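The values are calculated or read from the model by the stated rules, or taken from the named source; none is laboratory data. Small disclaimer: the values here were computed from a predicted structure and weren't measured. Backbone-built Cβ (ideal geometry, glycine too); neighbour counts: all protein chains shown.
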Amino acid sequence: MNGNTGKVINVDLDKGSIKTEILPEEYYAGYIGGSGLAAKLFWERGNFSADPLSSEAMLIFMNGPFAGLKLSGASRNSVAGRSPLTGNWGDSSCGGYFAPELRYAGYDGIIIKGKASQPAMLLIEDDKAEIIPAMEYWGKGTEEVNRAIKDKYGKNYRTLVIGPAGENLVKYSIILNEGHHAFGRAGFGAVMGSKNLKAIVVKASGKNMKLADPEKYEELRAELNPKIKEALASDVMRENGTAANLEGGVVSGDVPIKNYTSNFWEEMGQELNGGVLTEKYLTKRRACAYCSIACKRVVEIKEGPFAIPEGPGPEYETIAALGSLIGSMDLAAACKAGRLCNDLGIDTISAGGTIAWAMEAFERGDITEKDTGGIQLLWGDMETVIEKILPGIAARKGALGMLLAEGSLAAAVKTGKGTINYTVQCKGLEVPMHDPRGGGHGLALAYAVSPRGACHVATPMLFMEMGACYYPEIGFEYELEPKTDEHKAETAVIAVALGAIENSACFCQFADREITMPEWVGLFNSVAGYNWDAQDMMKAGTRVFYLKRLINYLFGRTAKDDALTPRMLEPARDGEPEGVVINFEGMKNKFYGLMDMDPVKGMPSRKKLEEYGMSAEAKRAWQET
Amino acid sequence: MKIFLVPVGIMKKYMKELELEIDETLTPKGLMEKYIFPDKLKTVYFVNGKRTDPDSKLKDGDVVKIVSTFAGG
């Protein structure tokens with residue numbers, strides 16, 4: 001096989017067995033790799049009735065075809081399966097250094113089932129893979145475990161580690177690579193925890209790779225790497241990180257404040273901006289494997305209540321989720337809270353979203369000190385967030401820890417009193433830090449129809465609305481006005497395919513927005529030899545989107561779940577988008593029509609699935625209705 | 001007439017806050033081209049706090065904020 005290795009590792013933790021397997025080549029051409037290929041494997045082999053935290057649950061790590069090929073942004077990895085947070089399809093992408101090492105060891109992915117009888121670690125060294133005891137790491141934070149593994153095996157052994165939150169089955173637990181890069185969303189750290197799997201470690205000795213047209217690929221790589229590096233947006237992120245323009249987002253109303261109750265807080269924008277992080281706390285810039293953008297931050301806070309030693313620094317999402325969203329404009333506190341979330345193994349977006357909901361509930365009197373074990377939940381009280389709330393969640397300690405460890409939707413359902421109306425989530429996944437009322441109305445549609453729930457990286461809609469990328473070859477060559485519904489459904493049709501391609505190829509959106517359609521096609525053809533044109537590639541992307549819709553349907557998700565909560569759809573209360581209402585239903589109905597999706601079941605028609613070579617999938621999904 | 005030009009976020013890298021005497025025919029887009037960074041960055045304009053068409057007319061005393069649409073994730 002060209003491009004991909006074609007090989008995956010099957011791990012059965014019940015039996016303690018490890019087997020390698022060659023996957024059918026048509027799986028790759030049909031579903032690309034990454035989350036798309038994982039969806040195909042789940043569709044074929046997953047147990048749809050299994051609890052995501054049960055032994056039967058399937059956990060899939062999957063590379064894309066460009067992993068390790070020394071191309072900026074192209075060496076990410078996907079984890080996928082049934083999300084314990086949402087109960088439906090989930091996937092999460094991670095940069096860092098795991099994907100290339102796995103590929104160099106000879107594998108595209110790892111499929112894990114079962115549960116180890118005691119805490120264990122999966123160690124892969126080229127063609128040797130083994131399950132080994134990991135009792136000494138259990139109960140410890142990701143930072144300590146990552147360091148201990150590297151001390152024991154070597155610094156070039158690449159690690160995936162869960163923290164105490166994953167062990168305690170906190171529903172939005174993360175998996176952390178190299179102590180810095182996170183599979184952040186949808187709770188797969190808890191899935192690892194439920195399997196007693198503390199870590200996965202990989203080391204390769206060679207870099208053998210077979211490409212369809214190595215010369216053509218090298219030619220493309222030689223053009224693309226400098227283009228990505230020299231792009232203005234890359235320069236901006238290299239200098240000041242992904243929060244470089246947070247202040248601009250505040251002016252346009254994109255940055256959420258106090259559980260999405262406000263769209264403007266000028267002083268906060270000035271305090272949390274990426275330039276301030278650079279000036280006050282940055283010590284080093286870091287990059288994922290082979291990436292020339294280097295948007296990662298290393299920070300140190302030398303003094304004050306939120307002092308932390310030199311180590312991983314926060315990205316935009318973390319700064320906003322553990323800053324403005326919970327009513328704080330203290331950048332040092334956001335750095336410390338983000339560092340703590342990494343160590344405990346918690347997703348900062350879902351943590352921020354869930355805590356923000358709880359703070360509003362406390363303010364309204366819907367939960368009281370009786371429900372929180374005496375802890376007062378006050379906007380901007382970062383000391384309590386850091387000292388009590390986050391550790392309580394990770395340990396599932398006390399009434400508050402138990403309540404918030406389930407995520408905002410479950411917490412609101414348990415609390416009742418209409419508190420669900422001010423959760424900010426879709427399909428149970430907390431909304432990331434871009435408010436569509438200020439950021440762009442198309443993003444509301446993209447959040448709602450995303451198979452995993454509200455997600456800003458499931459599609460490039462955010463970038464398309466802001467005019468950061470155009471693709472005339474596939475009909476996207478028009479300017480969009482972010483704060484209207486005009487052309488948003490048509491754009492979403494393109495965006496869901498592009499997003500599926502990105503997340504299946506495991507490409508970073510910050511890098512791939514510089515890549516043109518002919519270059520995308522050239523990459524697939526030179527690496528994997530598909531002989532695609534742009535339409536073929538887009539068809540593969542749409543096929544991946546459709547398959548995830550079918551998976552969700554078998555989990556019981558229908559059109560009514562493509563919804564946003566009342567908080568997201570009420571008129572913005574202040575700031576630039578004040579009074580603006582999103583025409584959500586109008587965009588959704590149009591999108592459903594354009595995608596030929598059933599308005600009740602929420603899945604594509606049989607006819608449409610057949611057009612995409614999915615007759616067998618159509619038969620199964622429609623028969624089970 | 002006099003207007004106030006205010007860069008926001010990453011636009012601060014390319015310009016300083018300015019108080020300008022301008023011709024009344026100059027639009028926000030014209031301001032960007034004349035005084036700021038004329039290349040590649042897609043920008044939007046907020047006049048007195050509200051998003052404004054790049055070709056709209058300005059009036060005396062307007063505060064024009066220049067914001068890049070760049071967003072992190």
| message | Looking at residue A:429 and the list (1) within 14 Å of chain B (Cβ to nearest Cβ); (2) surrounded by 24 or more Cβ atoms within 10 Å (Cβ to Cβ); (3) hydrophobic (A, V, I, L, M, F, W, C), which single condition is not satisfied? | response | (1)
| task | Check whether at least one residue in the range A:101-112 is at positive phi, touching a residue at least 24 places away in the same chain (Cβ under 8 Å) and more than 24 Å from the chain's Cα centre (by Cα), and report yes or no. | result | yes
| note | Taking first residues from the range A:371-399 that are closer than 12 Å to residue A:333 by Cβ and touching a residue at least 40 places away in the same chain (Cβ under 8 Å) and second residues anywhere that are of a type in the set (Phe, Trp, Tyr) and in a helix (DSSP H, G or I), the pairs with Cβ under 8 Å that are 6 or more apart or on different chains are none
| request: Determine if the range A:10-32 includes at least one residue that is farther than 24 Å from residue A:429 by Cβ, buried (at least 22 other Cβ atoms within 10 Å of the Cβ) and among the β-branched types (Val, Ile, Thr). | output: yes
| Considering only residues of the range B:8-22 that are within 13 Å of chain A (Cβ to nearest Cβ) and of a type outside the set (D, E, K, R), which is surrounded by the fewest Cβ atoms within 10 Å (Cβ to Cβ)? | B:14
| task | Please specify each residue of the range A:595-619 satisfying the condition of being without any contact (Cβ under 8 Å) to a residue 60 or more places away in the chain and of a type in the set (Lys, Arg). | result | A:601, A:606, A:607, A:619
| Taking the stated definitions as given, is residue A:243 small (Gly, Ala, Ser) and either within 12 Å of chain B (Cβ to nearest Cβ) or without any contact (Cβ under 8 Å) to a residue 12 or more places away in the chain (or both)? | yes
| Of these, A:400, A:445, which one is buried (at least 20 other Cβ atoms within 10 Å of the Cβ) and within 19 Å of the chain's Cα centre (by Cα)? | A:445
| request: Quick one: which residue in A:496, A:527 is β-branched (Val, Ile, Thr), over 22 Å from residue A:224 (Cα atoms) and modelled with pLDDT of 95 or more? | output: A:496
| remark: Listed by range, helices (runs of 4 or more DSSP H) wholly within the range A:491-591 having at least 1 residues that are of a type outside the set (Gly, Ala, Ser) and in contact with a Leu (Cβ under 7 Å, 6 or more places away or on another chain) are A:517-528, A:534-554
| remark: Filtering the range A:3-17 down to residues that are among the polar types (S, T, N, Q) and over 18 Å from residue A:102 (Cβ atoms) yields A:17
| task | Test each condition in (1) more than 24 Å from the chain's Cα centre (by Cα); (2) in contact (Cβ under 8 Å) with a residue 24 or more places away in the chain for residue A:232 and report the one that comes out false. | result | (2)
| message | Filter the range A:576-589 down to the residues that are crowded, with 19+ Cβ neighbours inside 10 Å and modelled with pLDDT of 95 or more and list them by number. | response | A:582, A:584, A:587, A:588
| Checklist (1) surrounded by fewer than 20 Cβ atoms within 10 Å (Cβ to Cβ); (2) away from every other protein chain (no Cβ under 11 Å); (3) out of contact with any helix residue (DSSP H, G or I) (no Cβ under 6 Å at 6 or more places or on another chain) applied to residue A:216, failing item | (3)
| message | Restricting to the range A:445-473, count the residues that are within 11 Å of chain B (Cβ to nearest Cβ) and on the phi > 0 side of the Ramachandran plot. | response | 1
| So how many residues does the range A:415-470 have that are charged (D, E, K, R), part of a loop (DSSP other than H, G, I, E, B) and more than 22 Å from residue A:233 (Cβ to Cβ)? | 3
| query | Filter the range A:479-521 for residues that are without any contact (Cβ under 8 Å) to a residue 40 or more places away in the chain and either within 14 Å of chain B (Cβ to nearest Cβ) or touching a strand residue (DSSP E or B) at 6+ places or on another chain (Cβ under 7 Å) (or both); which is surrounded by the most Cβ atoms within 10 Å (Cβ to Cβ)? | reply | A:481
| said: On the basis of being part of a loop (DSSP other than H, G, I, E, B), under 19 Å from residue A:314 (Cα atoms) and either in contact with a Lys or Arg (Cβ under 6 Å, 6 or more places away or on another chain) or within 14 Å of chain B (Cβ to nearest Cβ) (or both), does residue A:233 make the cut? | reply: no
| query | Within the range A:558-572, is there a residue that is crowded, with 23+ Cβ neighbours inside 10 Å, closer than 19 Å to residue A:450 by Cα and among the acidic types (Asp, Glu)? | reply | yes
| task | Could you check the range A:121-202 for helices (runs of 4 or more DSSP H) lying wholly inside it with 1 or more residues that are surrounded by fewer than 24 Cβ atoms within 10 Å (Cβ to Cβ) and free of Cβ contacts under 8 Å to residues at least 24 places away in the same chain? | result | A:142-153
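Does the range B:40-60 hold any residues that are of a type outside the set (S, T, N, Q), within 19 Å of residue B:70 (Cβ to Cβ) and surrounded by 19 or more Cβ atoms within 10 Å (Cβ to Cβ), and which are they?
B:41, B:44, B:45, B:46, B:51
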| task | With respect to residue A:375, determine if the residue is part of a loop (DSSP other than H, G, I, E, B) and within 14 Å of another protein chain (Cβ to nearest Cβ). | result | no
| remark: Checked against (1) in contact (Cβ under 8 Å) with a residue 24 or more places away in the chain; (2) closer than 30 Å to residue A:534 by Cα; (3) not aliphatic (A, V, I, L, M), residue A:467 satisfies every condition except (1)
| query | Which of the residues that make up the range A:165-190 are among the hydrophobic types (A, V, I, L, M, F, W, C) and in contact with a Pro (Cβ under 6 Å, 6 or more places away or on another chain)? | reply | A:190
